[in-house]
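Some notes on the structure that comes next.
Every number here is computed from the coordinates shown, using simple stated rules; none is lab data. If you're wondering where the values come from, they're calculated on a predicted model, not measured in any experiment. Here the Cβ is made from the backbone with ideal geometry for all residues, glycine too, and neighbour counts use every protein chain on show.
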Amino acid sequence: MTGKNGQLGSELMGIQMSYPGYRFVFLDRKDLDLSTLEGLSGLFEQYQPAFFVNAGAYTAVDKAESDKELAMSVNGIAPGKIAAICKQFGTKLIHVSTDYVFDGNGEYPYLPDHPTSPVNYYGQSKLQGEQAAMEANNASIIIRTAWVYSAYGNNFVKTMLRLMNERPSIGVVSDQFGAPTYARDLAIAIMDIIEKGAGHYGIYHFSNEGKITWWDFAVAIKEIAGLNCQVNPISTADFPTPAKRPAYSVLDKDKLKKDYDVQPRDWKAALKECMGYLERI
Ligand SMILES: NC(=O)C1=CN([C@@H]2O[C@H](COP(=O)(O)OP(=O)(O)OC[C@H]3O[C@@H](n4cnc5c(N)ncnc54)[C@H](OP(=O)(O)O)[C@@H]3O)[C@@H](O)[C@H]2O)C=CC1
Ligand SMILES: Cc1cn([C@H]2C[C@H](O)[C@@H](COP(=O)(O)OP(=O)(O)O[C@H]3O[C@@H](C)C(=O)[C@@H](O)[C@H]3O)O2)c(=O)[nH]c1=O
Ligand SMILES: [Mg+2]
């Protein structure tokens with residue numbers, strides 16, 4: 001799998017001991033640069049993988065607006081080439097994508113087949129990657145997830161803890177709705193799919209359960225950490241960013257529940273567990 005040092009990659013590494021029947025191979029950007037894919041076929045010949053998890057991606061949403069070529073090569077082009085080689089080697093591809101493929105004008109949890117219409121370049125590049133993967137191999141599995149955090153890597157939870165420790169008050173947007181995802185829970189869901197044979201294909205959605213705003217998320221982080229910072233709700237207009245974010249991106253997870261019997265837990269229970277690990281780091 002790619003993305004060895006990312007949030008999802010680190011969590012997959014962390015749980016691999018629970019799956020002794022598998023030999024895991026983790027690739028970082030030195031092993032496989034997703035912007036060039038140099039050496040990709042050599043890696044397939046060497047390892048003959050039964051499954052390939054593409055957890056590597058260009059995830060800097062704001063930076064992607066001005067770093068389009070690199071974002072597109074990693075997120076938009078590489079998945080198609082990976083899917084093609086997976087087809088050639090009989091490898092089952094599990095590719096990870098994002099809620100940011102939607103425009104956020106919805107009011108109900110998005111089904112996997114809901115029309116896509118990204119509002120930023122990161123979302124556009126990820127959507128192109130989904131389409132390229134499916135075109136190259138329609139027996140691919142694409143898991144869209146959202147608002148990913150972990151004790152590893154960079155994420156909203158760690159940013160909030162830092163800011164809350166530095167400042168007496170912060171403002172967080174309270175008009176963007178979604179559901180967070182603990183990367184460890186996503187890693188376990190991916191292993192569930194693999195353990196069940198990865199025989200159902202297509203687009204799936206996974207996040208923890210719930211519908212919250214970034215502000216709700218920040219307040220929960222503050223309460224669990226027992227910090228004193230004042231967390232003020234603000235509107236998107238009061239927090240200008242280079243990239244636009246969807247106002248609503250809750251994902252409907254029923255297809256994954258039905259096909260793979262994956263049961264995501266409540267977002268707050270997952271957050272508490274992750275923050276428990278953070279305290280010990
Ligand atoms: N983070 C989030 O909130 C969300 C993420 N997703 C998707 O989930 C997946 C996993 O994300 P997450 O673990 O959070 O991401 P991270 O940003 O934590 O990790 C991404 C990984 O991709 C690697 N990478 C980036 N560019 C290249 C490249 N050119 N060649 C090789 N490797 C590269 C990075 O390497 P290095 O460590 O060297 O920089 C990093 O290890 C991605 O597909 C992402 O789009 C979906 C929804 C939300
Ligand atoms: C730091 C900060 C952010 N915000 C807002 C900005 C934004 O709307 C929201 C979240 O900020 P982030 O920069 O963490 O969000 P962002 O990088 O857009 O997170 C996204 O990453 C990509 C990779 C995905 O695929 C998405 O699912 C999503 O998780 O909070 C505040 O309101 N106040 C703050 O102090
Ligand atoms: Mg970010």
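Things worth noting here:
- Volume per residue that the Cα convex hull of the stretch 116-221 spans, once the total is divided by residue count, Å³: 128 Å³
- In terms of packing, defined here as the mean over residues of other Cβ atoms within 10 angstrom, the peptides 152-165, 121-134 line up highest first as 121-134, 152-165.
- Model label points for residue 87 and residue 17, set 7 angstrom from Cα along the Cα-to-Cβ axis, are 4.0 nm apart.
- Taking a straight line from the alpha carbon of residue 257, these lysines sit under 16 Å away, with near neighbours fewer than eight places off in the same chain left out: 196.
- Lysine pairs in the stretch 1-141 with Cα atoms under 25 Å, if 8 or more residues apart or on separate chains: 21
- Inter-centroid distance (Cα atoms) of the stretch 82-131 relative to the stretch 204-281, Å: 20 Å
- Between residue 65 and residue 228, the FRET efficiency estimated from the beta carbon spacing at R0 = 30 angstrom works out to 0.30.
- Listed by chain and number, the aspartates and glutamates placed with their C-alpha closer than 19 angstrom to that of residue 272 are 11, 185, 209, 216, 223; residues fewer than eight positions away on the same chain are left out.
- The Stokes-Einstein estimate for the stretch 70-109, based on a Kirkwood radius over Cα pairs and taken at 37 °C with 0.692 mPa s viscosity, is a diffusion coefficient of 269 µm²/s.
- Listed peptides 174-187, 248-261 appear in the order 174-187, 248-261 once ranked by packing, highest mean of other Cβ atoms within 10 Å at the front.
- Values of log10 I(q)/I(0) for the chain across q = 0.08, 0.13, 0.16, 0.17 Å⁻¹ run -0.32, -0.86, -1.33, -1.49, by the Debye formula with one identical scatterer at each alpha carbon and no solvent.
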